[in-house]
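All remarks here apply to the structure that follows.
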Amino acid sequence: MIVDVSKWQGEINWRLVATQVEGAIIRAYNGTKEDETFVRNINGCLTCGIPVGVYYYSKAKTSGALKKEVTAVDNIIRKYQDVITLGVFIDLEEKGTENQAATNAKEFISFMTEKGYKKVGVYANESWYKTYLKGVDIPYKWVAKWTTKKTLPSIDSLYLHQYTSTGKGKGITGDVDLSNLVTDVKPVTKPVAVVKEDINLKIAKEVIEGKWGNGAERKNRLIAAGYNYRKVQAIVNSLVRK
């Protein structure tokens with residue numbers, strides 16, 4: 001199974017999650033700003049060897065607004081481009097954007113493909129696919145159809161099927177969306193070392209900003225989130241001394 005997560009899942013223990021999942025799709029942008037847990041979540045996955053994808057929630061009602069969104073998303077995720085193996089997706093479900101959905105899907109796919117992302121697709125529920133996205137050429141279709149029997153959506157060339165929004169799993173508090181990989185794609189799972197080095201620096205800066213607490217609390221939270229406490233603390237010490 002594959003989980004998709006955002007700030008709504010809070011602080012996730014990716015070491016526990018890694019024992020149960022085939023991958024994770026991380027929200028990078030909510031249509032207005034970067035998801036505040038994106039960096040922590042994607043880095044936690046990479047540290048634990050979990051294949052990753054990325055999605056963002058679109059609120060765009062015009063092509064101009066869509067361009068601003070996708071430019072922001074590209075800026076947020078670009079340094080992870082080589083390790084995003086499950087795909088990059090636009091989430092189309094915002095009320096009031098129905099008539100723009102087909103155009104947004106096409107323009108998102110074109111933009112991200114030109115930027116060099118290897119798998120670019122669209123997340124939407126089965127009804128949106130049949131009504132607002134009908135006839136649009138979407139190479140990677142991620143379709144929501146929630147059913148206890150995991151009945152597949154009747155959509156051609158299905159890539160991912162999100163079958164529940166109330167999934168449970170070790171390492172995640174509360175409900176989480178779960179999907180199955182329908183097509184036979186074997187993602188690359190090996191993290192890239194240079195990204196992991198950037199991770200430690202990023203988290204160290206968050207520590208200095210007071211986002212991870214102090215003393216034993218800090219240590220326990222960093223370890224639970226899948227980070228190397230000693231490396232992060234060493235960077236913190238070096239930055240503080242400067």
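The values are calculated or read from the model by the stated rules, or taken from the named source; none is laboratory data. These figures come from a predicted structure and were not determined experimentally. A quick note on method: Cβ atoms are made from the backbone with ideal geometry, for glycine too, and the neighbour counts reach across all protein chains shown. The protein model used for the area step is the full one, side chains on, heavy atoms only, and it has no ligands, DNA or RNA in it. Shrake-Rupley method; radii C 1.70, N 1.55, O 1.52, S 1.80 Å.
In the range 173-204, the qualifying residues are those that are hydroxyl-bearing (Ser, Thr, Tyr) and closer than 26 Å to Ala124 by Cβ, and the one that is modelled with the highest pLDDT is Ser179. Among the residues of the range 133-160, those identified as assigned to a loop (DSSP other than H, G, I, E, B) and within 24 Å of Asp74 (Cβ to Cβ) are Leu133, Val136, Asp137, Ile138, Pro139.
For a quick check of your reading: which helices (runs of 4 or more DSSP H) sit entirely within the range 5-124 and have at least 3 residues that are open to solvent by 10 Å² or more (accessible area, probe 1.4 Å)? It would help to see each step written out before you state the result.
On the way: elements: 14-17, 38-47, 63-77, 101-114.
Qualifying helices (runs of 4 or more DSSP H): 38-47, 63-77, 101-114.
If you go through the range 145-156 and pick out every residue that is touching a residue at least 24 places away in the same chain (Cβ under 8 Å) and either of a type outside the set (D, E, K, R) or over 18 Å from Ala124 (Cα atoms) (or both), you end up with 4. Scanning the range 206-221 for residues that are outside any helix (DSSP H, G or I) and open to solvent by less than 30 Å² (accessible area, probe 1.4 Å) yields a total of 2. Restricting attention to the range 137-157, the residues being touching a Ser or Thr at 6+ places or on another chain (Cβ under 9 Å) and over 30 Å from Asn13 (Cα atoms) number 3. Selection within the range 121-143: residues that are hydrophobic (A, V, I, L, M, F, W, C) and in contact (Cβ under 8 Å) with a residue 24 or more places away in the chain. The member of this set that is farthest from Tyr163 (Cα to Cα) is Val136. Cβ-Cβ contacts under 8 Å between residues 6 or more apart (or on different chains), taken from a first residue in the range 162-175 that is aromatic (Phe, Trp, Tyr) to a second residue that is open to solvent by 80 Å² or more (accessible area, probe 1.4 Å), are listed as Tyr163/Trp146; Tyr163/Lys150.
Scanning the range 222-231 for residues that are part of a helix (DSSP H, G or I) and either closer than 17 Å to Ile12 by Cβ or aromatic (Phe, Trp, Tyr) (or both) yields Leu222, Ile223, Ala224, Tyr229.
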